[in-house]
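Below: the structure, in structure tokens.
The values are calculated or read from the model by the stated rules, or taken from the named source; none is laboratory data. What you see is a predicted model; the values in this text were computed from it and never measured. Quick reminder, even Gly has a Cβ in these numbers, built from the backbone with ideal geometry, and neighbours come from all protein chains shown.
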Number of protein chains: 2
Amino acid sequence: MMRTRPLKVALLGCGVVGSEVARIMTTHADDLAARIGAPVELAGVAVRRPSKVREGIDPALVTSDATALVKRGDIDVVVEVIGGIEPARSLITTAFEHGASVVSANKALLAQDGAALHAAAGQHGKDLYYEAAVAGAIPLIRPLRESLAGDKINRVMGIVNGTTNFILDKMDSTGAGYQEALDEATALGYAEADPTADVEGFDAAAKAAILAGIAFHTRVRLDDVYREGMTEVTAADFASAKEMGCTIKLLAICERAEDGGSVTARVHPAMIPLTHPLASVRGAYNAVFVESDAAGQLMFYGPGAGGSPTASAVLGDLVAVCRNRLSGATGPGESAYAALPVSPMGDVVTRYHISLDVADKPGVLAQVATVFAEHGVSIDTVRQQGKDGEASLVVVTHRASDASLSGTVEALRKLDTVRGVASIMRVEGE
Amino acid sequence: MMRTRPLKVALLGCGVVGSEVARIMTTHADDLAARIGAPVELAGVAVRRPSKVREGIDPALVTSDATALVKRGDIDVVVEVIGGIEPARSLITTAFEHGASVVSANKALLAQDGAALHAAAGQHGKDLYYEAAVAGAIPLIRPLRESLAGDKINRVMGIVNGTTNFILDKMDSTGAGYQEALDEATALGYAEADPTADVEGFDAAAKAAILAGIAFHTRVRLDDVYREGMTEVTAADFASAKEMGCTIKLLAICERAEDGGSVTARVHPAMIPLTHPLASVRGAYNAVFVESDAAGQLMFYGPGAGGSPTASAVLGDLVAVCRNRLSGATGPGESAYAALPVSPMGDVVTRYHISLDVADKPGVLAQVATVFAEHGVSIDTVRQQGKDGEASLVVVTHRASDASLSGTVEALRKLDTVRGVASIMRVEGE
């Protein structure tokens, strides 16, 4: 039962991802038509520089007027791969108003304005799909939102930024420092000229907000996500991690509190055991570990970025949205009915690895241990190393709240015998 | 917009999976209602022994007459977790005829009669979902069928049977032989009293047929799947694998031929490099590695069996089917438009690891090498070990067709200097 009138697709943006979407729509047109039940036609491509020659794209389709394109009224699906907040947000809203459904790869926009955009989609009875916004080609939004819809998700913990994983993997495998590994990532095209969004965790935090929202059926704003970059991770930290049988990854962690009454979302570097499936995720790959009541532990692994992988995710959504349009239905919209409170970072409970520079004299360990005890932070192991009047103490704690740990560290800094706190790192995945 | 009239669910079977489905439907009723948009009600439970007390299930719902239950006419969704061909097949068909959609966990039935069941569902405008039929809780059917619907899948290679993975992992880590590892699996409840379906690869072959059908949009019958069990894998094979930097897994492999014109599906033990993500899948876990044109390499990992994980997959499907019912739509049905020919095992191209017992005298290697060359099988490496007049030759080949390799082995057996072919194992994942 193939419909012959094609579904019309407007493409906003024709960079690395957009050009790949257009290419696959052309080369795989027959397959897409068979899977959708109707042909799909590229009806317009909005770009900033329409004069640029784009291989495989009919110049007659290219326009610089994106607003006019989404207002045409005959567009079935708008594919937004511009990125950034504006003009993407206005264009998506206008698209809904003019009868189109939307497929987006825009993590920053979804993390910031997901609720408003979902509301606009719902108001007009249209779909908003965005599998490509998190972890590139890895099917993740759909499994969380649909496959696990009958389960209770308790934790989503993932490597969701390929640039930082490349850098950390390089530091781990070669012993390089942060700057050296970043330089290599830049030279190989894995890091942008300004790597801030990646290395300071902004990109991962946007993804954490999206994942937490879906996993916990709760609105999680970008501001709700605690964020710590990985620029201060040192070769010494990797050496400490190795001694513990761990490596270091930049993790996005979305958790339900043990009492189930609240959730947290955070991004920071953390030590994880080498035996954990996330520890062996190499290079620029992404992987997300999901823990739920009934399913147990699941992991999703694949390329987290790049033109082709992102286009794969966009096209999967395009097929779904087109199918929904043909059947007159819409897919799952925002699900925020649980409306759980999002707790601050101080409420997060985990383990910590703390390196202290201390005076090499008797009684220091007793002083330090007393401070931990006073703040209710229980010590798992302590290792003491001394030379030339200086010494270091490496303390690994049992599970404690971030607030208790912060209080402990503040008090430790005030001790005369503690010369400095060399590093504090969370320990996850145990 | 919550509908108050509940959707009615009939549960066929109340064993390990069914009882867990019933339990979660009760304990998570509010969440399911919020996610579906209407409450779901357990309207009947068909079992063989209705007199048995079932905790948490109202005895008034229990019946031994499954046919009457699916014929009631007010059932929205039938959940079939009986397993086996009959009466499951008749009950599912009857359910469609009486207006219900179906969620099934029945791999044997889907592999054998998937096309007919999909046709029946389509004829009555109903859904047939079966995420739980392959790899338990791991979202796999939905990602292949929906997330990758805009991509071209070239290979699906997975560990889809937890029992055999437990046995092989035990042999690998302890050096145990097959029987010893099987005995432990039986004692721990990982293997059934009659382990034939698992260890002879029947279970994995059913899953391979289902996966290949979905991945390649082509009907793949159970008979199309080449099947070799893992009962003859020895501790010596593991020792050989280790020397190559490999381990041994029972793999289900669905491949598109390099020219794209045909597909193959097979189940057999194979060596894979320790660096491959599938090599580190431990115990009874499952994992499926997917390679596609645009997305590249993806992996899905999780528990492949068990009551709770399977129930998670069943309930995810139940939510989707209920949502479809409320919106008057159906999800993706069978997609077999590509109708690619399924090639026989002889056409499969891969590498081989062959151990030969040979006479320890000059010229043997030359004779053996000539046989390989005559059959067009190119040798990668040879290792010769001799003692006491007996010697062994371990040959690892480059890529060659299964037919060429079979011809080679047949000719080798006829050589006077070859006392026996100790083992032949395929090498995958390189």
B:A252: passes all of (1) in a strand (DSSP E or B); (2) over 18 Å from B:A132 (Cα atoms); (3) not polar (S, T, N, Q) but (2)
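How about region A:281-299: which of its residues are facing another protein chain (nearest Cβ under 7 Å) and assigned to a strand (DSSP E or B)?
Just the residues of region A:281-299 that are facing another protein chain (nearest Cβ under 7 Å), to begin with: A:292, A:294-299.
Those that are facing another protein chain (nearest Cβ under 7 Å) and assigned to a strand (DSSP E or B): A:S292, A:G296, A:Q297, A:L298, A:M299.
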Of the candidates A:T264, A:T275, A:T231, A:T247, the one satisfying the condition of being in contact (Cβ under 8 Å) with a residue 40 or more places away in the chain and assigned to a loop (DSSP other than H, G, I, E, B) is A:T231
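What about B:A241, is it buried (at least 16 other Cβ atoms within 10 Å of the Cβ), touching a strand residue (DSSP E or B) at 6+ places or on another chain (Cβ under 9 Å) and part of a helix (DSSP H, G or I)?
On the way: buried (at least 16 other Cβ atoms within 10 Å of the Cβ): yes; touching a strand residue (DSSP E or B) at 6+ places or on another chain (Cβ under 9 Å): yes; part of a helix (DSSP H, G or I): yes.
Considered against the rule, which asks whether it is buried (at least 16 other Cβ atoms within 10 Å of the Cβ), touching a strand residue (DSSP E or B) at 6+ places or on another chain (Cβ under 9 Å) and part of a helix (DSSP H, G or I), B:A241 comes out as yes.
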Within region A:219-228, the count of residues that are surrounded by fewer than 22 Cβ atoms within 10 Å (Cβ to Cβ) and part of a loop (DSSP other than H, G, I, E, B) comes to 3
field: Yes/no for B:A181 being over 29 Å from B:C322 (Cβ atoms), out of contact with any strand residue (DSSP E or B) (no Cβ under 7 Å at 6 or more places or on another chain) and hydrophobic (A, V, I, L, M, F, W, C)
entry: yes
Checked pairs for region B:202-226, first over 16 Å from B:R155 (Cβ atoms), second among the β-branched types (V, I, T) and surrounded by fewer than 24 Cβ atoms within 10 Å (Cβ to Cβ), C-beta under 6 Å and 6 or more apart or across chains, list as B:D224/B:V342
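Mind checking whether some residue in region A:99-107 is more than 29 Å from A:R3 (Cβ to Cβ) and either more than 22 Å from the chain's Cα centre (by Cα) or of a type outside the set (S, T, N, Q) (or both)? Don't jump to the end; show me each part of the working.
Residues of region A:99-107 that are more than 29 Å from A:R3 (Cβ to Cβ), as a first pass: A:106-107.
Keeping just the survivors that are either more than 22 Å from the chain's Cα centre (by Cα) or of a type outside the set (S, T, N, Q) (or both) gives A:107.
Yes, there is a match, as at least one residue in region A:99-107 is more than 29 Å from A:R3 (Cβ to Cβ) and either more than 22 Å from the chain's Cα centre (by Cα) or of a type outside the set (S, T, N, Q) (or both).
Condition check ((1) closer than 27 Å to B:Y129 by Cα; (2) over 15 Å from the mean Cα position of the chain (by Cα)) across all residues:
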| site | (1), (2) |
| --- | --- |
| A:V78 | no, yes |
| A:A95 | no, yes |
| A:L109 | no, no |
| A:G122 | yes, yes |
| A:G125 | yes, yes |
| A:V134 | yes, no |
| A:S147 | yes, yes |
| A:R155 | yes, no |
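Which one of these is surrounded by fewer than 20 Cβ atoms within 10 Å (Cβ to Cβ) and touching a Ser or Thr at 6+ places or on another chain (Cβ under 9 Å): A:K52, A:K8, A:K71? Please lay out each step first, then the result.
Values: A:K52 fails: touching a Ser or Thr at 6+ places or on another chain (Cβ under 9 Å); A:K8 fails: touching a Ser or Thr at 6+ places or on another chain (Cβ under 9 Å).
None of the others qualify; the one that does is A:K71.
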- prompt: Out of curiosity, is B:L274 closer than 27 Å to B:I424 by Cβ and either more than 10 Å from chain A (Cβ to nearest Cβ) or buried (at least 18 other Cβ atoms within 10 Å of the Cβ) (or both)?
  reply: yes
Cβ pairs under 8 Å, 6+ apart or interchain, first in region B:347-369 and under 10 Å from B:A391 (Cα atoms), second in a helix (DSSP H, G or I) and modelled with pLDDT of 90 or more, ordered by first then second residue, are B:L356/B:V368; B:L356/B:L412; B:V358/B:V364; B:V358/B:V368
A careful count of residues in region A:251-271 that are under 18 Å from A:E200 (Cα atoms) and in contact with a Phe, Trp or Tyr (Cβ under 6 Å, 6 or more places away or on another chain) gives 1
By residue number, the members of region B:147-164 that are of a type outside the set (V, I, T), crowded, with 24+ Cβ neighbours inside 10 Å and within 19 Å of B:R266 (Cβ to Cβ) are B:M157, B:G158, B:N161
The residue that is nearest to B:R3 (Cα to Cα), considering only those in region B:34-85 that are out of contact with any helix residue (DSSP H, G or I) (no Cβ under 8 Å at 6 or more places or on another chain) and polar (S, T, N, Q), is B:S64
Of the residues in region A:277-293 that are in contact with a helix residue (DSSP H, G or I) (Cβ under 8 Å, 6 or more places away or on another chain) and surrounded by fewer than 23 Cβ atoms within 10 Å (Cβ to Cβ), the one that is nearest to A:A149 (Cα to Cα) is A:D293
In the set B:E97, B:E86, the lone residue that is under 19 Å from B:E334 (Cα atoms) and more than 14 Å from chain A (Cβ to nearest Cβ) is B:E97
Log entry, pairs with first residue in region B:104-124 being surrounded by fewer than 18 Cβ atoms within 10 Å (Cβ to Cβ), second being among the basic types (K, R) and part of a helix (DSSP H, G or I), beta carbons closer than 9 Å, six or more apart or on different chains, reads B:A116/B:R89
Query raised in the report: Scanning for something crowded, with 22+ Cβ neighbours inside 10 Å, more than 30 Å from B:E334 (Cα to Cα) and not β-branched (V, I, T), does region A:256-264 turn up at least one residue?
Result: yes
